[in-house]
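See structure below.
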Amino acid sequence: MNQPIIEINDLNFTYERQRVLEHINMTVEQGSFVGLVGPNGSGKTTLLKCLLGLLKPQQGDIRLFGQPIQKFKNWHEIGFVSQKANSFNTGFPASVFEVVSSGLTSKLGLFKFMGPKDRKNVADAIEAVGLAKFAKRNIGELSGGQQQRAFIARAIVSNPKLLILDEPTVGVDAQTVQNFYEMLTHLNKDLGITLILVTHDIGTITDKVSHVACINKHLHFHGNAREFELLKDDEMSEFYGHSLHVLTHDHSH
């Protein structure tokens, strides 16, 4: 059994008297690729913010790499790509290399200069996401899918052990999404990065991820992708609070 990277124990979170997360217990092991799914407003983003130390839960414990989150200092070991990366100011005058380099700030400090090893890390991160030939190109000249890859490169440039992605494929076309998942598989399998991917894309992720966690205030399911595929429609509908067929079929009355 691999080392647990994340351990969540009886986590509860309330926003202004509204309970958003209730009794969440979950372990993510090193090397896994977890798809985190659930309807809008189900608490997925809140859970991410708790894991990133941005929100403090009212009850329960989180351990990262075996340490209580309150004592955890090695934040460079966790990369994060938000869905906001898609709304990046494309007029920003920076090359892909410069954008990716900015991911080293937390490790180097704001005004430290990059040495040869740092520059190699930047080049390797750009290579890992398939953008090597665009390294000198202005970020604004890239397509939405390529920009998103650049932001992933920025998130992995400090060699994190865990990468968390919040709906990174929103607004990206189907072919790009397919290439995108192949790149994530490469990061997971070949570079050994543990991944947590928040997605609405239930249909296409089960053959890409190793585990699925389905959250809707409670953690309704957490297991391997094969077990998730075997769930009955009515079990899924119960998790989601409505029929899942509305996601895929015309539901004229």
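Could you check the stretch 200-209 and list, in sequence order, the residues that are surrounded by fewer than 22 Cβ atoms within 10 Å (Cβ to Cβ) and either in contact with a helix residue (DSSP H, G or I) (Cβ under 6 Å, 6 or more places away or on another chain) or on the phi > 0 side of the Ramachandran plot (or both)? Correct list: Thr206, Lys208.
Of all residues in the stretch 158-194, exactly one satisfies the criterion of being modelled with pLDDT under 80, part of a helix (DSSP H, G or I), exposed (fewer than 14 other Cβ atoms within 10 Å of the Cβ) and not polar (S, T, N, Q), namely Ala174. Total residues in the stretch 125-149 satisfying the condition of being over 30 Å from Gly41 (Cβ atoms) and either in a helix (DSSP H, G or I) or under 17 Å from the mean Cα position of the chain (by Cα) (or both): the figure is 12.
Being within 16 Å of the chain's Cα centre (by Cα), surrounded by fewer than 21 Cβ atoms within 10 Å (Cβ to Cβ) and not in a strand (DSSP E or B) is the filter here, so list the residues in the stretch 28-45 that pass it. Across the stretch 28-45, the qualifying residues are Gln30, Gly31, Ser32, Thr45.
Of all residues assigned to the stretch 72-81, none qualifies as being more than 23 Å from Arg154 (Cα to Cα), more than 14 Å from the chain's Cα centre (by Cα) and at pLDDT 90 or above.
Contact annotation: residue pairs with Cβ atoms under 7 Å, 6 or more positions apart or on different chains, pairing a residue in the stretch 44-62 that is among the basic types (Lys, Arg) with a partner that is not in a strand (DSSP E or B), are Lys44/Gly38; Lys49/Leu55.
Note on the stretch 195-211: among residues that are in contact (Cβ under 8 Å) with a residue 60 or more places away in the chain and not in a loop (DSSP other than H, G, I, E, B), the one that is farthest from Leu64 (Cα to Cα) is Ile202. Taking the stretch 2-27 as the range and being farther than 17 Å from Gly223 by Cβ and part of a loop (DSSP other than H, G, I, E, B) as the test, the residues that pass are Gln3, Glu16, Arg17. With respect to Glu182, determine if the residue is touching a strand residue (DSSP E or B) at 6+ places or on another chain (Cβ under 6 Å) and closer than 15 Å to Leu195 by Cα. Considered against the rule, which asks whether it is touching a strand residue (DSSP E or B) at 6+ places or on another chain (Cβ under 6 Å) and closer than 15 Å to Leu195 by Cα, Glu182 comes out as no. In the stretch 46-73, of all residues being assigned to a strand (DSSP E or B) and among the polar types (S, T, N, Q), the one that is nearest to Asn2 (Cα to Cα) corresponds to Gln67.
The values are calculated or read from the model by the stated rules, or taken from the named source; none is laboratory data. Here the structure is a predicted model, which means the values were calculated and not measured. Ideal geometry is used to build each Cβ from the backbone, glycine not excepted, and the neighbour counts take in all protein chains shown.
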